Amino acid sequence: QVQLVESGGGLVQAGGSLRLSCAASGRTFSNYAMAWFRQGPGKEREFVAAISRGGSSTRYADSVKGRFTISRDNPKNTAYLLMNTLKPEDTAVYYCATGLSVLAGTWDSWGQGTQVTVSS
């Protein structure tokens, strides 16, 4: 019964920035670790970033480390992904998900995705 809704995607030039948002339903948002995944054209889904329940621990894919920042605002039931220095290879549908921890490797609830397109 966890509903996740991503927003903030769009078209941006290479080198630009976007901030994605993931709004969650319910009163138990802080009970879940959150993660972002993406799936580019012709590619498989890949892990991007994750954040722990309280926000103290984060994990990033090597491809985005140093450029992307995951965060969360538990009172607002919202997780974020700030994407800086975007590259054309970042073009993908981005999804948020909930799980037990940043290391569990199991993500249970998924949003509908938001398209990010980076032009050269």
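The values are calculated or read from the model by the stated rules, or taken from the named source; none is laboratory data. If you're wondering where the values come from, they're calculated on a predicted model, not measured in any experiment. Counting neighbours? That spans all protein chains shown, and the Cβs are built from the backbone with ideal geometry, glycine included. What goes into the accessible areas is simple: the full protein's heavy atoms, side chains included, and nothing from ligands, DNA or RNA. Shrake-Rupley method; radii C 1.70, N 1.55, O 1.52, S 1.80 Å.
Observations, loosely collected:
- Answer residue from the stretch 46-64, given it is over 12 Å from the mean Cα position of the chain (by Cα) and among the small types (Gly, Ala, Ser) and is nearest to VAL118 (Cα to Cα) among those: SER63
- Yes/no for TYR60 being in contact with a Ser or Thr (Cβ under 7 Å, 6 or more places away or on another chain) and either over 20 Å from GLN3 (Cα atoms) or of a type outside the set (A, V, I, L, M, F, W, C) (or both): no
- All of (1) in contact (Cβ under 8 Å) with a residue 60 or more places away in the chain; (2) open to solvent by 70 Å² or more (accessible area, probe 1.4 Å) hold for GLY66 with one exception: (1).
- Single residue of the stretch 26-45 satisfying the filter (among the charged types (D, E, K, R) and over 11 Å from the mean Cα position of the chain (by Cα)) that is most open to solvent (accessible area, probe 1.4 Å): ARG27
- The one condition in (1) of a type in the set (Ser, Thr, Tyr); (2) open to solvent by 20 Å² or more (accessible area, probe 1.4 Å); (3) within 10 Å of the chain's Cα centre (by Cα) that SER101 fails to fulfil: (3)
- Residues (assigned to a strand (DSSP E or B) and either under 11 Å from LEU86 (Cβ atoms) or modelled with pLDDT of 95 or more (or both)) located in the stretch 8-24: GLY10, LEU11, VAL12, GLN13, LEU18, ARG19, LEU20, SER21, CYS22, ALA23
- GLY10 vs. criteria touching a residue at least 60 places away in the same chain (Cβ under 8 Å), farther than 17 Å from TYR94 by Cβ and surrounded by fewer than 17 Cβ atoms within 10 Å (Cβ to Cβ): no
- The residues in the stretch 51-108 that are among the charged types (D, E, K, R), assigned to a loop (DSSP other than H, G, I, E, B) and modelled with pLDDT of 95 or more can be counted, and the count is 4.
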